[in-house]
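Here's the structure we're looking at; comments come further down.
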Amino acid sequence: MGNVLIIDDDSAICTMLSKLIRRMGHETECRNTLRDGLQAVLSVSYDVVLLDVQMPDGNGLEILPDIRKSRSTPEVIIMTGFGSADGAEISIKNGAWDYIEKSDSSSKISLLLRRVFQYRESLKNASTSARALKLDGIVGTSDAMKACYDSVAQAAATDSNVLLNGETGTGKELFASAIHNNSNRAEANFVVIDCAALPENLVGSVLFGHEKGAFTGADHAQQGLVAQAHKGTLFLDEIGELPLGIQKVFLRVLQEHRFRPLGAKKEIVSDFRLIAATNRDLEAMVKNGAFREDLLFRLRTLSITLPALRKRPEDIKALVNHYIVKICERRDIGIKGVSSDFMEMITRFTWPGNVREVINTLETAISAAQNEDTLFSRHIPDYIRIQVAQASLGVEKPGTDEKPTDAPVTDAMLSFKTYRKTAVEGAEREYLKKLAVLSRGDVRTACRISHLSRSRFYELIKHHGISFS
């Protein structure tokens, strides 16, 4: 039996919905203002909230995020007397289950509620499973991460395709591995394919393999990565970089789980489970003709969006402590202690490169500390210390305002080597930011404009923590 809250100022609607819900075997309450409705949600656990848009004390959409963040995280169904496309978009993007008109039939509303309660029940089962998940390398206890763990449990329990969305450095490969390790395919291969690193002239051969003599230089047969994922999981990282021609071929492979290696006469069967990941807006790419709509439809049977680190700052300390231990153990050195000023600076910085940038920063700091037992803020890279210092003073980043050229030279002035390093790093960072905008997040275009090799390009954006999407 579930618990439903109706927030609506129309007494006739409240009466009608209450009778319908009680006939279904659930409990229900009504509130006639947004204020009273929100107060009820914050004090009582509900499974579903039926929320009217036009209320005496405001617009129901305004409290939708607060309802979804409440302790019981109820599903919210928006009800309106006058539906609009914009209202539907805002509702769904803010976590609503559905957006319906009050004139909809009782049978339609009943069916909708049954589906919501079915989902809530499966969510409880997934939450129970999530407590026993293998989450090697994934750190965080924030609400955003707990929601991701529930999604991992749900994905691991099925063989459905999964699309992982998230900025660079949010841990998409770790989550893909967690889904595999908690699935019934855990004993088989977890095959990783970095679509951005595939050589354009050999994509088909790498994915599907080839027979001896299939092309110049093919002096022996080679098994493809798709075949290696048989009975296991195939992880396509940065799938937005997959060439259009290969997208068409791979769509058939995804549908049939059959393919023909280059130069082969017979098709091969591969029973793989697909997980794909991207930091790009695939829907926008579909509109621009850069990604196949039918492939996107196949990819996102289940979709999980990984939160950026700035949206879960409460996890930063745990991440720092976890990775300091990992790095020190890998280097076979004593575990470094952490001073309060080090942790304060780490938590005050905004991490554009997400967890990956945190790990790189800790690597640098531990190297800088050498034989010292404790990490201090002076071990942190200069670009982070500068930004935190500027933020504390409320000043702009270097280059945004003109500086006086006749400032006196003092002992506190930076050494020339440090000053030059900081200036070069700042210039590189600004260049890469502008490059991301100019190329619209397309790696090939960025490399063509900058005349950088792909390996050097990735090295730079990783170093500077630039999210390229």
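Below, the figures for the structure above:
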item: Rounded to 5, the percent of DSSP beta bridges in the chain classed as antiparallel; result: 15 percent
item: Equivalent ellipsoid semi-axes, the range 1-158, via Cα gyration tensor eigenvalues times 5, rooted, Å; result: 29, 17, 15
item: Over 21 Å between alpha carbons, listed pairs K287/K433; K93/K134; K146/K172; K146/K317; K134/K326; K19/K93; result: K287/K433; K93/K134; K19/K93
item: Carbon plus sulfur fraction of accessible area for the range 145-208, probe 1.4 Å, in percent; result: 46 percent
item: Point-to-point label distance, A391-D98, nm (Cα→Cβ direction, 7 Å offset); result: 4.3 nm
item: Listed peptides 63-74, 362-373 by packing density, highest first (mean Cβ within 10 Å); result: 63-74, 362-373
item: ³J(HN,Hα), Karplus 6.51/-1.76/1.60, whole Hz, each residue of the range 268-277, x for Gly, Pro; result: 10, 9, 9, 8, 10, 9, 9, 10, 10, 9
item: Efficiency of FRET between S43 and K433 - r from beta-carbon atoms, R0 51 angstrom, step 0.05; result: 0.65
item: Separation of alpha-carbon centers, the range 224-254 and the range 178-210, rounded to whole Å; result: 7 Å
item: Length gained when the stretch F297-Q228 is fully extended (0.36 nm per residue, less Cα-Cα span); result: 22.4 nm
item: The chain, relative contact order in percent, only Cα pairs under 8 angstrom and at least six apart counted; result: 11 percent
item: Accessible-area composition of the range 1-75, carbon plus sulfur, in percent [1.4 Å probe]; result: 47 percent
item: Peptides 383-393, 30-40, 329-339 ordered by average Cβ neighbours within 10 Å, highest first; result: 30-40, 383-393, 329-339
item: Within the chain, helix-based [θ] at 222 nm, where runs of 4 or more DSSP H residues each add -39,500 (n - 2.57), nearest 500; result: -14000 deg cm²/dmol
item: Packing-based order for 45-54, 151-160, 138-147, using average beta carbon neighbours within 10 Å, highest first; result: 45-54, 151-160, 138-147
item: ³J(HN,Hα), Karplus 6.51/-1.76/1.60, whole Hz, each residue of the range 201-209, x for Gly, Pro; result: 7, 10, 4, x, 5, 5, 6, 10, x
item: Solvent-accessible area per residue, Å², over the chain with all protein chains present [probe radius 1.4 Å]; result: 53 Å²
item: Length added when fully stretched, D36-R114, from 0.36 nm per residue minus Cα-Cα; result: 25.5 nm
item: The range 2-22 residues near the modelled D57 label - backbone nitrogen below 13 Å, point 7 Å along Cα→Cβ; result: 8-9
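The values are calculated or read from the model by the stated rules, or taken from the named source; none is laboratory data. Just so you know, these numbers come straight off a predicted model, no measurement behind them. Neighbour counts are summed over all protein chains in view; Cβ atoms, including those assigned to glycine, are modelled from backbone coordinates with ideal geometry. In case anyone asks, the SASA skips ligands and DNA or RNA and just uses the protein heavy atoms, side chains included. Shrake-Rupley method; radii C 1.70, N 1.55, O 1.52, S 1.80 Å.
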